[in-house]
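Asker: Got a structure here, written out as structure tokens. Questions coming.
The values are calculated or read from the model by the stated rules, or taken from the named source; none is laboratory data. Fair warning: this is a prediction, and the values are worked out from it, not measured in the lab. Using ideal geometry, Cβ is built from the backbone for each residue, glycine included, and neighbour counts are taken over all protein chains shown.
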Amino acid sequence: MKSQSTKFHKHFWVIETLLLGAGAPFLLFPTVRPTVTVGVLALFALWWLARWGLERRPLPPTPFNGALLLWGSAVAVGIAVTAVPALTLPKATGLILGLATWRYLALTLHNRRDVRWGLAWLILVGLSIAGVGLLSVHWSVKIPFMQAWIARLPQQMLALPEGPEAGVSANQLGGVVAFYLPLALAVALGKLQAIPHAKNRRQGWGTVGLLAGALLGLALTAGLLVLTQSRSAWIGGAVGILTLLALWVGTAKRNWPRRVAGAALVVVLVLGGVVYARTGPAQIVALWERPGGIETDVVGTVTLSGRVEIWSRALYAIQDFPFTGCGLGTFREVVWILYPLFTISPGHDIAHAHNMFLQVAVDTGLPGLIAYLALLGSAAAVGWRVARRDVSLRPLALGLLAGLAALHVYGLTDALAPGSKPAVILWLALGLLTGMAAVGDDRKQQAEDFPPTHSVV
């Protein structure tokens with residue numbers, strides 16, 4: 001059986017790729033072709049069972065397995081207790097797609113070339129989300145001086161299946177872009193460090209070209225982040241950049257990169273302090289608390305106090321359903337039935353709790369929140385270990401950690417709810433970290449602080 005398993009193992013990735021690629025659209029939009037969606041779920045289950053039988057293990061050994069087991073159990077409970085299956089189905093299939101994505105990367109990333117392919121997929125997904133978002137997002141003017149810029153943007157040229165009639169939320173697009181901002185900077189820094197180690201002129205110019213591409217991506221990402229006008233995403237992106245610089249200082253083994261990153265960190269902090277001092281806390285709060293409220297794509301007119309009220313209702317739901325949650329994706333219905341709001345008019349769609357951690361607990365209970373925090377803790381430990389041991393993977397590992405920090409700082413006042421379509425980026429990041437953890441330790445590369453010319457990024 002072992003020889004047969006080895007014989008088939010080389011072809012497994014083809015089946016995994018075809019199954020994931022063909023099934024992803026139906027898991028993202030499960031109600032468009034519900035019969036096909038059921039067939040895709042059955043194929044996933046049969047294939048996973050078949051591979052389990054051949055390899056004698058349900059999952060590859062990874063640092064995430066314990067947290068994933070608890071997370072899967074909590075999600076299953078959140079699905080079982082739902083009172084609104086129509087709301088739960090898209091979130092459930094989204095989480096299954098996320099788990100399948102993580103599993104695919106965990107099984108197929110074995111070396112640095114594979115990790116480069118994984119990074120390419122992460123970038124491709126980001127470009128797809130940005131492109132679809134630009135065509136389908138509902139642009140609203142939240143910052144007055146940006147009105148002229150927003151007027152030039154295309155207005156909902158594309159309507160997504162199962163999407164809101166008002167268009168995709170610019171806040172959710174901002175959360176995705178905030179995740180990619182420090183990742184783009186990390187790739188640029190990695191290429192900058194690789195230039196002095198080019199073996200010949202051709203390789204040097206190639207690295208310079210990749211650096212130029214990374215800087216262009218960084219500029220476009222920052223520009224799109226500004227256009228979303230999501231204050232939560234702006235703060236998340238800024239914290240992501242600060243986190244990346246701090247991690248870069250903490251993992252640098254030579255003096256000058258440590259000094260450069262440290263100086264950049266100081267400059268960013270000083271500039272942030274100057275902006276804060278000149279603006280003042282009252283005007284910063286006014287970005288959320290403007291008289292009459294600020295129009296958002298999720299709950300209509302809502303201020304910071306409106307968010308606080310939504311958080312209080314989420315806490316009530318967690319208090320009432322601590323072990324099971326109130327059902328995956330059902331908060332938008334449960335909140336009006338059990339916990340009516342006063343500052344937000346009835347009829348507005350409260351899609352989520354406006355806090356990622358509260359939303360996880362509302363959907364899956366406190367066991368789900370513990371599992372989610374364990375996943376993030378495992379990601380932090382894996383990323384730090386990879387960055388310390390392998391300089392060729394260091395920029396990508398730190399970029400992913402900083403991106404996750406940006407995403408979850410954004411998630412303090414907004415959320416990419418579990419199972420939502422953009423949330424697949426979380427599972428791509430965890431899958432990449434899992435693959436990097438499995439890459440062998442190259443002792444020769446550890447002797448240098450700078451990535452070699454074949455650096456992953």
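Asker: Confirm whether Thr364 is within 23 Å of Cys326 (Cβ to Cβ) and touching a strand residue (DSSP E or B) at 6+ places or on another chain (Cβ under 9 Å). Write out each step before concluding.
Answerer: Values: within 23 Å of Cys326 (Cβ to Cβ): yes; touching a strand residue (DSSP E or B) at 6+ places or on another chain (Cβ under 9 Å): no.
Against the criterion (within 23 Å of Cys326 (Cβ to Cβ) and touching a strand residue (DSSP E or B) at 6+ places or on another chain (Cβ under 9 Å)), Thr364 does not qualify.
Condition check ((1) under 18 Å from Leu105 (Cα atoms); (2) modelled with pLDDT of 95 or more) across all residues:
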| site | (1), (2) |
| --- | --- |
| Leu398 | no, yes |
| Pro418 | no, no |
| Ile425 | yes, yes |
| Leu430 | yes, yes |
| Asp449 | no, no |
| Pro452 | no, no |
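Asker: Scan the range 97-111 and report the pairs whose first residue is within 15 Å of Leu18 (Cβ to Cβ) and in contact (Cβ under 8 Å) with a residue 40 or more places away in the chain and whose second residue is assigned to a helix (DSSP H, G or I) and among the acidic types (Asp, Glu), with Cβ atoms within less than 8 Å and a gap of 6+ or a chain change.
Answerer: From residues that are within 15 Å of Leu18 (Cβ to Cβ) and in contact (Cβ under 8 Å) with a residue 40 or more places away in the chain, the pairs are Tyr104/Glu16; Leu107/Glu16; Thr108/Glu16; Thr108/Asp114.
Asker: Mind checking which residues of the range 310-356 are over 23 Å from Trp71 (Cα atoms) and polar (S, T, N, Q)?
Answerer: From the range 310-356, those over 23 Å from Trp71 (Cα atoms) are 310, 312-313, 333, 335-350; that's our starting set.
Ser312, Thr343, Ser345, listed by residue number.
Asker: If I filter the range 322-343 for residues that are farther than 25 Å from Ala371 by Cβ, in contact with a strand residue (DSSP E or B) (Cβ under 9 Å, 6 or more places away or on another chain), assigned by TED's automatic domain parsing to the domain that holds Asn171 and buried (at least 18 other Cβ atoms within 10 Å of the Cβ), do I get at least one hit?
Answerer: no
Asker: For Ile350, which of the numbered conditions (1) buried (at least 19 other Cβ atoms within 10 Å of the Cβ); (2) in contact with a Phe, Trp or Tyr (Cβ under 8 Å, 6 or more places away or on another chain); (3) within 22 Å of Ala76 (Cβ to Cβ) fails to hold?
Answerer: Condition not satisfied by Ile350: (3).
Asker: Would it be correct to say that Ser140 is in the same structural domain as Ala184 (by TED's automatic domain parsing), of a type in the set (S, T, N, Q) and either surrounded by fewer than 14 Cβ atoms within 10 Å (Cβ to Cβ) or at pLDDT below 75 (or both)? Give the derivation first.
Answerer: Values: in the same structural domain as Ala184 (by TED's automatic domain parsing): yes; of a type in the set (S, T, N, Q): yes; either surrounded by fewer than 14 Cβ atoms within 10 Å (Cβ to Cβ) or at pLDDT below 75 (or both): no.
So Ser140 fails the test.
Asker: Do we have Pro63 as surrounded by 15 or more Cβ atoms within 10 Å (Cβ to Cβ), under 23 Å from the mean Cα position of the chain (by Cα) and assigned to a loop (DSSP other than H, G, I, E, B) here?
Answerer: Spelling it out, Pro63 is indeed surrounded by 15 or more Cβ atoms within 10 Å (Cβ to Cβ), under 23 Å from the mean Cα position of the chain (by Cα) and assigned to a loop (DSSP other than H, G, I, E, B).
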